[in-house]
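Undergrad: Before we start, here is the structure in question, set down as structure tokens.
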Amino acid sequence: MLDTGEKFVEQQNLDSDTGQRTLTGSLIPPLVMGLPKKTDSLCPECIKVIPARQYEKDGKVVMTKTCPDHGEFNDIISSDVNFFLEMEKWHFKDGRGFSNPLVPNAQKCPSDCGICNMHLTHAAIGNVDLTSRCNLGCPTCFASSNKYKAEPSFEEIYMMMKRLRESRPAPCNTIQFIGGEPTLHPDFFKIVKASTKLGFTHIQMGTNGIKLADPEFAAKAREAGLQYIYLQMDGVTDDVFEKIRGRKLLATKLKAIESAGKAGLRVILVPTIIRGVNDHQLGDLVKLAFENLDTITGLSLQPISFTGRYSEEDRLQQRYTLADIVHDISRQTGITDPLKDWFSLNSSTPFVSLAEALTGKSVTNYTCHPHCGTLSILFVDKNKNAVPITRFIDLYNLLKDINKLAQKTEKRRVKMFSKLSSLNLLRKHFNAKNAPEGLTFSKFLQTLDGYSDKKFTWTDEHKDHTYKTIFLFGMHFMDNYNYDLERVRRCAIHYAAPDGKLYPFCSYNSGHTHRDRVEKEYAKSRS
């Protein structure tokens, strides 16, 4: 329990008008930084919204909440309070949501979901479940595959994709096909091809890799327009796969990587991390990425979420947080520093603000919560020596300067000077002495081009345009024990569902778990 005399971080009264509102007029509660602080969470038993407190205890960040009917619950939000506070400094702004929310008059979060008038962040990634069927039966599956018979038709999926592209003011540009196992849908290739015609520029698939291990399937997927494979890859030994997936899969996974490489697909390794099962192999997965630099572009690391009932003792022992990821990778690889080379996923917002000021057009805002995810970008030279971007770019101060430039640019009538100023800021904060071998400032700019313009990374003509990079990306999806409504309202991964609505990841798969209702209703309508 907390000391009753504890002083919380100052928070504005959420009932008052702060002057900050969404595009449709809903109040934006201020995001509270520092510790201790208050937020809203859920009772894990009855899913009622209840107040919660976050505070430091023994070097960790802990959440405590009490339901009047089911008692007190405690959980670990971060295993390292210093890392937790470091991530918060990268939050520069909140978004203002959608001008055309699908639920325009929602009153309660997260029950009135679909994306609503209170949501703040655009869809950085639009998820589309192609089927609930799967050719594995993993006990760790958050999607409860094979629970309901839900497999939308091509026409229904087309409308789901179209719904993402119709989001305003910033249409969703990135789509990820998932499931179940998306490759089982009979119209898989037709669906991928349709996504390119709808204007998606980043086309991804989350897969277990079983069908992708067939080189012919991988080639057909690339030909249809697929670009990225988010490959379920929990470790580098079969005992790990047996514990997490129920069978030996290492040979299949390695074959899938080989097939993807031959087809020209890029692969991101996606381990579900369970303490005591595979957390000791994160360094080995990074090594695997280095051994396949032409195919593997990064790791998306996802600590397991707790579904169902868990005793508090078991949860506190097994809880694995973003801080654990950065400490384990840093210790196992020696490449990164836990507090110096990792930054929050929402840190790109100053560049987004500048792009909007320069063009006068809305850009996907990426204003997720600072504790949704963490990122480190490694630049890898020809000898496979890796240097984090934060070693040769003063990233935080660069972003601060870009943020100030964006504010000035918005008021200027002539924008050309701001373009020159942004280039000068990049040069100012670039330290050539600390850059990896062969990375000049010019080559660095070309690599940034590669992130925004795919012709530089997908065609042989431009294969030497960019410098080799690998990103290490930790995403902590919530469960009912660590639920935080501040995070839900800022979620940047949105599901397009068969009911015609869009849902944030952590309200679709946890909390009120809208997935269960949507898939149950869909399956019933087809029976």
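The values are calculated or read from the model by the stated rules, or taken from the named source; none is laboratory data. Bear in mind that the values here come from a model prediction, so they are computed numbers and not experimental data. Virtual Cβ from ideal backbone geometry, glycine too; neighbours counted across all protein chains shown.
Undergrad: Which condition number does Y228 fail, the rest of (1) more than 23 Å from the chain's Cα centre (by Cα); (2) under 24 Å from D294 (Cα atoms) being met?
TA: Tallying (1) more than 23 Å from the chain's Cα centre (by Cα); (2) under 24 Å from D294 (Cα atoms), Y228 fails exactly one: (1).
Undergrad: Quick check on I470: is it at pLDDT 90 or above, surrounded by 14 or more Cβ atoms within 10 Å (Cβ to Cβ), closer than 30 Å to K65 by Cα and not basic (K, R)?
TA: Working: at pLDDT 90 or above: yes; surrounded by 14 or more Cβ atoms within 10 Å (Cβ to Cβ): yes; closer than 30 Å to K65 by Cα: no; not basic (K, R): yes.
No; evaluated as a whole, the condition is false for this residue.
Undergrad: Considering only residues that are closer than 13 Å to G126 by Cβ and in a helix (DSSP H, G or I), which ones fall in the stretch 192-220?
TA: S195
Undergrad: Right, next: Looking at V277, V240, V286, can you tell me which residue is closer than 27 Å to Y467 by Cα and surrounded by 17 or more Cβ atoms within 10 Å (Cβ to Cβ)?
TA: Working: V277 fails: closer than 27 Å to Y467 by Cα; V240 fails: closer than 27 Å to Y467 by Cα.
When all the criteria are applied, what remains is V286.
Undergrad: List pairs: first residue in the stretch 40-58 and assigned by TED's automatic domain parsing to the domain that holds S78 and part of a loop (DSSP other than H, G, I, E, B), second residue surrounded by 13 or more Cβ atoms within 10 Å (Cβ to Cβ) and hydrophobic (A, V, I, L, M, F, W, C) anywhere in the structure, Cβ distance under 8 angstrom, at least six positions apart or on different chains.
TA: Here the result reads C43/I50; C43/C67; C43/F73; P44/F73; E45/C67; C46/C67; K48/L42; K48/C67, each pair linking the stretch 40-58 to a residue that is surrounded by 13 or more Cβ atoms within 10 Å (Cβ to Cβ) and hydrophobic (A, V, I, L, M, F, W, C).
Undergrad: Are any residues in the stretch 184-232 touching a residue at least 60 places away in the same chain (Cβ under 8 Å), among the polar types (S, T, N, Q) and buried (at least 20 other Cβ atoms within 10 Å of the Cβ), and if so, which ones?
TA: Q204, N208, Q227
Undergrad: Now a separate question. Condition first: at positive phi and touching a residue at least 24 places away in the same chain (Cβ under 8 Å). Now tell me which residues in the stretch 59-103 satisfy that.
TA: Applying the first criterion (at positive phi) to the stretch 59-103 yields 59, 71, 97.
Scanning the stretch 59-103 gives a single hit, G97.
Conditions (1) within 21 Å of L472 (Cβ to Cβ); (2) at pLDDT 95 or above, marked per residue:
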{"position": "I178", "(1), (2)": "no, yes"}
{"position": "F189", "(1), (2)": "no, yes"}
{"position": "G199", "(1), (2)": "no, yes"}
{"position": "H202", "(1), (2)": "yes, yes"}
{"position": "G206", "(1), (2)": "yes, yes"}
{"position": "A218", "(1), (2)": "no, yes"}
{"position": "T237", "(1), (2)": "yes, yes"}
{"position": "R245", "(1), (2)": "no, no"}
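Undergrad: In addition: I'd like to know if the stretch 2-18 contains one or more residues that are surrounded by 12 or more Cβ atoms within 10 Å (Cβ to Cβ), at pLDDT 95 or above, hydrophobic (A, V, I, L, M, F, W, C) and in a loop (DSSP other than H, G, I, E, B).
TA: no
Undergrad: Then there's this: If you scan the stretch 310-323, which residues turn out to be out of contact with any Gly (no Cβ under 8 Å at 6 or more places or on another chain) and in contact (Cβ under 8 Å) with a residue 24 or more places away in the chain? Give the derivation first.
TA: Start the filter on the stretch 310-323 by keeping residues that are out of contact with any Gly (no Cβ under 8 Å at 6 or more places or on another chain), which leaves 310-317, 319-321, 323.
Answer for the stretch 310-323, where residues must be out of contact with any Gly (no Cβ under 8 Å at 6 or more places or on another chain) and in contact (Cβ under 8 Å) with a residue 24 or more places away in the chain: Y310, E312, R315, L316, Q317, R319, Y320, T321, A323.
Undergrad: For the list (1) at pLDDT below 95; (2) under 17 Å from A106 (Cα atoms); (3) of a type in the set (S, T, Y), I need the number of the one condition that Y503 fails.
TA: In the conditions (1) at pLDDT below 95; (2) under 17 Å from A106 (Cα atoms); (3) of a type in the set (S, T, Y), Y503 misses (1) alone.
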